[in-house]
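Working notes for the structure below.
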Amino acid sequence: MASYDTSTAKTAKPTDQNTTLLDTFDPRKIRELYNLKPHPETGRLIDSHPGKRTKPMRVLCLGQSRTGTMAIFTALQRLGYTPYHMSVAIGSPKTSLGLWCEALDAKFNGKGKPWGREEFDKILGDYDAVADVPAICFVEELVAAYPEAKVVVTQRDVDSWLRSMDSTAGRILRWPLWETLGKWDPALAGPFWEHALKVMPANFRTLNDFFSYFSRTSGLHRPL
């Protein structure tokens, strides 16, 4: 298996406070980590991933997108953490987004074995914090996988959140040429669009479960 640099975590630079996710959507910055193929025995991409945990997971920022996740990502960087965020995943789209699509399919479509700590450690092993999609689609799984981590939950007025989602992610995903562009650009646009078709419905499906889960578990005394 051909491998390159072991992690974007080692070269990630602090993000400017005004940076948006679209600022990271730059094909010139793509750097695939591995040329992964489905494992010959299990058929899963994640089982071919050589990653492992190199630092303890310390913070799980599990608030929904558009509740300040980019600001939290930037703050964590400035505080010395190495956070994982959608902007990190886009840096190696075929590697990272393909793996998250596999995880989303397992959880929401019953395709394959659901992810647990073993799988998360492979893709998140060089990171000690997470925020934003796709990780937030796995709230219960991440909380169970990393019981030692602190939990940060950000919330926003629902109407305001819906307007924000519609004017950002909604506007992007309503662009009619994504499928065509994905065929022309299999390195970035293709993986991004395939992932978007899975992660956005999953994000909305988990919204009610998200608030219900934290209401039930607020007595665990794990928030940061």
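Computed from the coordinates by the stated procedures, all read-outs in this text should not be read as laboratory data. All of these numbers come straight from a predicted model, not from anything done at the bench. In this analysis, Cβ positions are derived from the backbone assuming ideal geometry, glycine residues included, and neighbour counts consider all displayed protein chains.
Quick notes on this structure:
- This ranking places Thr42, Thr82, Thr95 by how few other beta-carbon atoms lie within 10 Å of each, fewest first, which gives Thr42, Thr82, Thr95.
- What the Cβ-Cβ distance of Arg205 and Arg163 gives, at R0 = 25 Å and to the nearest 0.05, is a FRET efficiency of 0.80.
- Cα centroid of segment 87-120 to Cα centroid of segment 33-79, whole Å: 9
- Less than 5 angstrom separates the built amide H of Leu45 from those of His39, all sequence-distant by 5 or more or on a different chain.
- Inter-label distance for Glu41 and Lys55, nm, one decimal - labels placed 7 Å from Cα along Cα-to-Cβ: 3.2
- Under-5 Å amide H pairs with Val152, H placed in peptide plane, nonlocal only: Leu60, Cys61, Leu62, Leu224
- The order of Cys61, Cys101, Cys137, going from fewest to most other C-beta atoms within 10 Å of their C-beta, is Cys101, Cys137, Cys61.
- Cβ-to-Cβ counts within 10 Å put Leu60, Leu45 in ascending order as Leu45, Leu60, the fewest first.
- 18 Å Cα-Cα threshold exceeded, pairs from Lys113/Lys150; Lys107/Lys183; Lys111/Lys183; Lys37/Lys94: Lys113/Lys150; Lys107/Lys183; Lys111/Lys183
- The HN-Hα couplings worked out from phi for segment 192-203 by the Karplus form 6.51 cos²θ - 1.76 cosθ + 1.60 (θ = phi - 60°) are 4, 5, 4, 5, 4, 5, 9, 6, 5, x, 5, 4 Hz, whole numbers, x standing for Gly and Pro.
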